[in-house]
1. In nm, give the distance between the simple-model label positions of A:ASP70 and A:TYR144, each being 7 Å from the Cα along the Cα-to-Cβ direction.
2. Going by how many other beta carbons lie within 10 Å of each one, how would you line up A:MET17, B:MET55, B:MET146, fewest first?
3. Calculate the spin-label point distance for B:ASN147 paired with B:LEU219, positioning each point 7 Å from the Cα along the beta-carbon direction, and give it in nanometres.
4. Put a dot 7 Å past each Cα toward the Cβ at A:ASN95 and A:ASN16; how far apart are the dots in nm?
5. Past 31 Å, Cα to Cα, is the threshold; run B:LYS53/B:LYS142; A:LYS66/A:LYS94; A:LYS114/B:LYS142; B:LYS103/B:LYS154; A:LYS114/B:LYS52 against it and keep the listed order.
6. Could you list which residues have their amide H under 5 Å from that of B:ALA47, counting only those 5 or more apart in sequence or on another chain, with H placed in the peptide plane?
7. What number does chain A give for Rg over Rh if you use C-alpha atoms and the Kirkwood radius?
8. At q = 0.11, 0.15, 0.20, 0.23 Å⁻¹, what is the log10 ratio I(q)/I(0) for the stretch A:27-100, with the Debye formula run over Cα points and no solvent?
Amino acid sequence: MAAAALTSQLNALVNNMFAMGLLDDQFQQLQMLQDSTAPDFVSEVVTLFCDDGERIICELSRQLEKPNVDFDRVDSYVHQLKGSSASVGAQKVKNTCIQFREFCQQRSRDGCLKTLDLVRTEFYDLRNKFQAMLQLEQQIQACYPKH
Amino acid sequence: MGAEAVRVLVVDDSPVDRRVVELLLRAHCGGGGGAAAGEAAPFHVTAVDSGKKAMELLGRRRGDRDHLTPSSPAAAAAANDQAIDIVLTDYCMPEMTGYDLLKAIKALGSPNPIPVVVMSSENEPQRISRCLTAGAEDFILKPLKMNDVQRLRKCSGATRPKSAVAGDDDRCCNTAKKAAAAAAATPEQQQQQQRSSHLAGLAMVMNASSFEVSHYFQLIFKLILLAYAVLCLSQLLHRWSNGSSLLSLWCA
């Protein structure tokens, strides 16, 4: 009984994430792959994305604080974040990264700082939702002792 | 149709991408692909985070094989077990890019060069054609999809030890390459046509200042030369054929 309620809660959360444009069909593809061979596929990739994203965002704010900003370096970090978010299907973060890279090319520090704030907000919002998702998945798995 | 694993070396600096590609490849042999996956060989994935590590790995394995091959068939088989059938590399990496890695692998000079497939998140025709001319078997856009894994599989057979199979796979791979090259060439040609119409007059100036455009100029130059030759020829014909009604009609 509890498992069914949790599952519907999980589905509602994920559907909401799709509806808000946080995720795209790449995430759907990952979900589809999950049941075949690797049972923890999505959670593993999502956890990696959260860790990697956090590291890159910290690095970005450190780089942009410097008196002489190395925009090529900043650009390469944003490129990494864009790649990671594209791989998990984090559409919104990916799109903001595209904007971010334009500011890097324009060598606009203000533009970069503003977009960094935006990326940060979007990323942590997504991360909170991902964490809620993983927690629900764990609770659901706990309902089935041998799975 | 063997169940012999296809050994893939995945090179990507992003941990997320590395894992996604790895799991995507593993899932492909696990029956995820339906009927086709039934007879397909599984992928054996090795993942490294830089081009340098990839070269170390390939260099070491190649070294092992060179030492072991003459001594005993068993040792040779063992070395073969470790070998890599195909390299799948990201384009954008710090220090050694995917393009550098591609060139380094092709420069190893083994009789059966390892097929290299480059992947990138940017759809830049120039980048694609650059990789294909440097000998890449294919160019895949990120994020990877299931059909891309099928493409990768097509390119993977070229260096298999079984020579009978290798021929077939090689041809298959070449067609994929040609198709990709053609696909890459089309946008480039369009671009080129646009450019040639805009820039024909500015040819000499631009040639000196811009490297990017410069390799279109050979073609434009040839075209201009050809047009000039035709003009000269028609003038000559016109002069010669003043008396002849047939030719003067044709030239007018």
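1. 4.9
2. B:MET146, B:MET55, A:MET17
3. 2.6
4. 2.0
5. Details: B:LYS53/B:LYS142 22 Å; A:LYS66/A:LYS94 25 Å; A:LYS114/B:LYS142 27 Å; B:LYS103/B:LYS154 21 Å; A:LYS114/B:LYS52 36 Å.
Pairs exceeding 31 Å: A:LYS114/B:LYS52.
6. Result for B:ALA47 returns B:VAL10.
7. Numbers: Rg = 17.3 Å, Rh = 16.3 Å.
Computed over Cα atoms, the ratio is 1.06.
8. -0.33, -0.55, -0.83, -0.99
Bear in mind these aren't lab numbers, they're just calculated from the coordinates by the rules spelled out. Small disclaimer: the values here were computed from a predicted structure and weren't measured. Note that we place each Cβ from the backbone using ideal geometry, even for glycine, and neighbour counts take in every protein chain shown.
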